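Novice: One structure is given below, represented as structure tokens, and several questions about it will come after.
The values are calculated or read from the model by the stated rules, or taken from the named source; none is laboratory data. Note that the structure is a prediction, hence the values are computed from the model and not measured. All Cβ positions, glycine included, derive from the backbone under ideal geometry; neighbour counts span all protein chains shown. Just so you know, the surface numbers come from the protein's heavy atoms only, side chains and all, with ligands and any DNA or RNA stripped out. Shrake-Rupley method; radii C 1.70, N 1.55, O 1.52, S 1.80 Å.
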Amino acid sequence: MAYDRYNAICRPLHYATIMCSRACVKMAAAVWASGFLTAVLHTANTFSIPLCQGNTVDQFFCEVPQILKLSCSDSYLREVGLLVVTACLMLGCFVFIVVSYVQIFTAVLRIPSEQGRHKAFSMCLPHLAVVSLFVSTAFFAYLKPPSISSPALDLALTVLYSVVPPTVNPLIYSMRNKELKDALRKVISWTFFSGGKITFALHN
């Protein structure tokens, strides 16, 4: 998404050539393949770890840090090493995103019209906010010291990086669609105003 925004704003005349269907398929395939490979490696490692403190995970899914808490003393070092490698790769991706957006904002600030700057910022800021939320909470969840760990904090962090970004992503990107905005506005107005009328009628 950052690369798409960069080409759309910084290289608009070459956008159709750079972001062709073949390039999009290649990027999507690379993301899916890397995600699948990471999941397989973590799954294989965690399945091979002997558990010495029971098999109950205080989480709504089998998250790696929670499984490591149940493992034996020295048997989880391989998985910790894999987590560090994954964190470094995520940090590299985040740096790439930040560099892309620095160039994007530099180009946007050169746009003379205020309407053009507002349109460009409204296109970029939602994606940057979701990525920042995901990366910051995931890094903190996986790399925080055990001394500040608690079930409530672990659950809140897990929800923030595993549930919130996938939930708000479609909403954020589709809100640029005018027809969807109008439909959502009608649903909200019907829900609140019709609900209020029904409640008023029942009370009367």
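Novice: Please report the projected area of the stretch 18-111's Cα convex hull averaged over all directions, in nm².
Specialist: Values: hull surface 35.5 nm².
Its Cα hull, projected and averaged over all orientations, spans 8.9 nm².
Novice: If you rank Arg11, Arg5, Arg185, Arg110 by how much accessible surface each has, with a 1.4 Å probe, what is the order from largest down? Numbers along the way, then the final one.
Specialist: Values: Arg11 95, Arg5 10, Arg185 140, Arg110 175 Å².
Largest accessible area first, the residues go Arg110, Arg185, Arg11, Arg5.
Novice: Accessible area, 1.4 Å probe, largest first: how do Ile111, Ile104 sort?
Specialist: Working: Ile111 50, Ile104 0 Å².
Final ranking, largest accessible area leading: Ile111, Ile104.
Novice: Between the stretch 78-100 and the stretch 130-157, how far is it from one alpha carbon centroid to the other, in angstrom?
Specialist: Between the Cα centre of the stretch 78-100 and that of the stretch 130-157, the gap is 15 Å.
Novice: On to the next question. Go ahead and run the numbers for FRET between Phe139 and Val57, Cβ-Cβ distance against an R0 of 25 Å, rounding to 0.05. If you can, show how the numbers build up before the last one.
Specialist: Details: r = 21 Å, r/R0 = 0.84.
So the FRET efficiency works out to roughly 0.75.
Novice: At 1.4 Å probe radius, can you tell me the per residue accessible area of the stretch 82-122 in Å²?
Specialist: Values: 2760 Å² over 41 residues.
With all protein chains present, the stretch 82-122 gives 67 Å² per residue.
Novice: If you stretched the chain out fully between Asn169 and Ser189, how much longer would it get, using 0.36 nm times the residue separation minus the C-alpha to C-alpha distance?
Specialist: On the way: separation 20, 0.36 × 20 = 7.20 nm, distance 2.31 nm.
Fully extending the segment from Asn169 to Ser189 adds 4.9 nm.
Novice: From the protein chains alone at 1.4 Å, what is the descending order of accessible area for Tyr15, Tyr6, largest first?
Specialist: Details: Tyr15 75, Tyr6 50 Å².
If we order Tyr15, Tyr6 from most to least accessible, we get Tyr15, Tyr6.
Novice: Here's something else I'd like to know. Take the solvent-accessible surface of the protein heavy atoms, probe 1.4 Å, and return the percent of it on the stretch 1-106 that carbon and sulfur atoms account for. Before the final figure, lay out each step's value.
Specialist: Values: 4800 of 6820 Å².
Of all accessible area on the stretch 1-106, carbon and sulfur atoms account for 70 percent.
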